[in-house]
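The values are calculated or read from the model by the stated rules, or taken from the named source; none is laboratory data. These figures come from a predicted structure and were not determined experimentally.
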Amino acid sequence: MPQFMLLLHDDVARLDAEASPAEIQAIIAEYEAWREAVQADGNMLGGHKLKDEFGQSLVGGGDGVRVVDGPFTESKELIGGLFIIKADDYEQAVEISKTCPHLKHGSRIEVRQIDLVD
(Lines give C-alpha, C1' and ligand atoms only; values in the text may rest on other atoms or scores of the structure.)
Protein backbone atom coordinates (compact mmCIF):
# COMPACT_ATOMS: atom_id res chain seq x y z
CA MET A 1 0.00 0.00 0.00
CA PRO A 2 1.37 3.47 -0.83
CA GLN A 3 2.76 5.63 1.95
CA PHE A 4 2.40 9.39 2.28
CA MET A 5 4.21 12.01 4.31
CA LEU A 6 2.07 14.79 5.76
CA LEU A 7 4.22 17.88 6.34
CA LEU A 8 2.66 20.27 8.85
CA HIS A 9 3.44 23.84 7.79
CA ASP A 10 3.08 26.71 10.25
CA ASP A 11 3.19 30.48 9.92
CA VAL A 12 6.06 31.90 11.97
CA ALA A 13 4.06 35.04 12.88
CA ARG A 14 1.19 32.92 14.19
CA LEU A 15 3.61 30.90 16.29
CA ASP A 16 4.84 34.08 17.96
CA ALA A 17 1.42 34.58 19.54
CA GLU A 18 1.50 33.27 23.08
CA ALA A 19 -0.95 30.62 24.19
CA SER A 20 -1.69 29.71 27.78
CA PRO A 21 -0.43 26.36 29.09
CA ALA A 22 -4.04 25.12 29.15
CA GLU A 23 -4.52 26.09 25.47
CA ILE A 24 -1.30 24.34 24.51
CA GLN A 25 -2.37 21.18 26.35
CA ALA A 26 -5.77 21.26 24.60
CA ILE A 27 -4.08 21.53 21.18
CA ILE A 28 -1.71 18.66 22.00
CA ALA A 29 -4.70 16.55 23.09
CA GLU A 30 -6.41 17.25 19.73
CA TYR A 31 -3.37 16.01 17.81
CA GLU A 32 -3.05 12.91 20.01
CA ALA A 33 -6.74 12.06 19.52
CA TRP A 34 -6.36 12.46 15.75
CA ARG A 35 -3.21 10.32 15.68
CA GLU A 36 -4.93 7.61 17.73
CA ALA A 37 -7.98 7.63 15.43
CA VAL A 38 -5.85 7.27 12.28
CA GLN A 39 -3.82 4.56 14.02
CA ALA A 40 -7.03 2.72 15.00
CA ASP A 41 -8.00 2.72 11.32
CA GLY A 42 -4.65 1.04 10.55
CA ASN A 43 -3.29 3.98 8.53
CA MET A 44 -0.78 5.63 10.90
CA LEU A 45 2.81 4.53 10.43
CA GLY A 46 4.47 7.22 12.56
CA GLY A 47 4.87 10.88 13.23
CA HIS A 48 6.58 13.47 15.35
CA LYS A 49 6.47 17.11 16.29
CA LEU A 50 9.68 18.86 15.38
CA LYS A 51 11.58 20.95 17.91
CA ASP A 52 10.71 24.64 18.06
CA GLU A 53 13.86 25.70 16.28
CA PHE A 54 14.55 26.34 12.66
CA GLY A 55 17.41 23.88 12.18
CA GLN A 56 19.93 24.22 9.40
CA SER A 57 19.97 23.78 5.64
CA LEU A 58 22.71 22.30 3.52
CA VAL A 59 23.37 23.94 0.16
CA GLY A 60 25.54 22.19 -2.40
CA GLY A 61 27.38 23.84 -5.22
CA GLY A 62 30.66 24.16 -7.08
CA ASP A 63 32.45 25.34 -3.93
CA GLY A 64 31.36 22.35 -1.83
CA VAL A 65 28.65 22.20 0.80
CA ARG A 66 27.58 25.14 2.95
CA VAL A 67 25.57 24.77 6.15
CA VAL A 68 23.32 27.76 6.75
CA ASP A 69 20.76 28.72 9.37
CA GLY A 70 17.13 29.25 8.53
CA PRO A 71 14.52 30.48 8.01
CA PHE A 72 15.41 32.87 5.27
CA THR A 73 13.76 36.19 4.51
CA GLU A 74 11.92 34.52 1.63
CA SER A 75 10.29 32.05 4.04
CA LYS A 76 7.45 32.95 6.34
CA GLU A 77 6.70 29.41 7.44
CA LEU A 78 8.33 26.38 8.93
CA ILE A 79 7.65 22.65 9.13
CA GLY A 80 6.27 21.98 12.62
CA GLY A 81 5.97 18.21 12.35
CA LEU A 82 5.23 15.27 10.12
CA PHE A 83 3.23 12.09 9.96
CA ILE A 84 3.72 9.03 7.80
CA ILE A 85 0.47 7.34 6.82
CA LYS A 86 -0.58 4.63 4.43
CA ALA A 87 -3.46 5.10 2.02
CA ASP A 88 -4.73 3.51 -1.17
CA ASP A 89 -4.04 6.69 -3.17
CA TYR A 90 -3.72 10.47 -2.95
CA GLU A 91 -7.48 10.85 -2.62
CA GLN A 92 -7.58 8.74 0.54
CA ALA A 93 -4.42 10.43 1.90
CA VAL A 94 -6.06 13.84 1.42
CA GLU A 95 -9.25 12.67 3.11
CA ILE A 96 -7.25 11.45 6.12
CA SER A 97 -5.35 14.75 6.17
CA LYS A 98 -8.57 16.78 6.16
CA THR A 99 -9.39 15.38 9.61
CA CYS A 100 -6.11 16.60 11.16
CA PRO A 101 -6.60 19.36 13.75
CA HIS A 102 -3.68 21.25 12.19
CA LEU A 103 -6.07 22.66 9.60
CA LYS A 104 -8.41 24.06 12.28
CA HIS A 105 -5.64 26.44 13.30
CA GLY A 106 -5.33 28.01 9.85
CA SER A 107 -2.22 26.06 8.93
CA ARG A 108 -1.31 24.02 5.86
CA ILE A 109 -0.58 20.31 5.32
CA GLU A 110 1.50 19.19 2.36
CA VAL A 111 0.74 15.61 1.26
CA ARG A 112 3.61 13.87 -0.54
CA GLN A 113 3.75 10.24 -1.66
CA ILE A 114 6.84 8.36 -0.54
CA ASP A 115 8.71 6.64 -3.37
CA LEU A 116 9.05 3.11 -2.03
CA VAL A 117 11.60 1.35 -4.21
CA ASP A 118 11.03 -2.40 -4.33
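Here A40 fulfils each of the conditions (1) at pLDDT 90 or above; (2) among the aliphatic types (A, V, I, L, M); (3) within 16 Å of the chain's Cα centre (by Cα) apart from (3). Filtering segment 83-108 to residues that are at pLDDT 90 or above and not in a helix (DSSP H, G or I) leaves F83, I84, I85, K86, A87, D88, D89, T99, C100.
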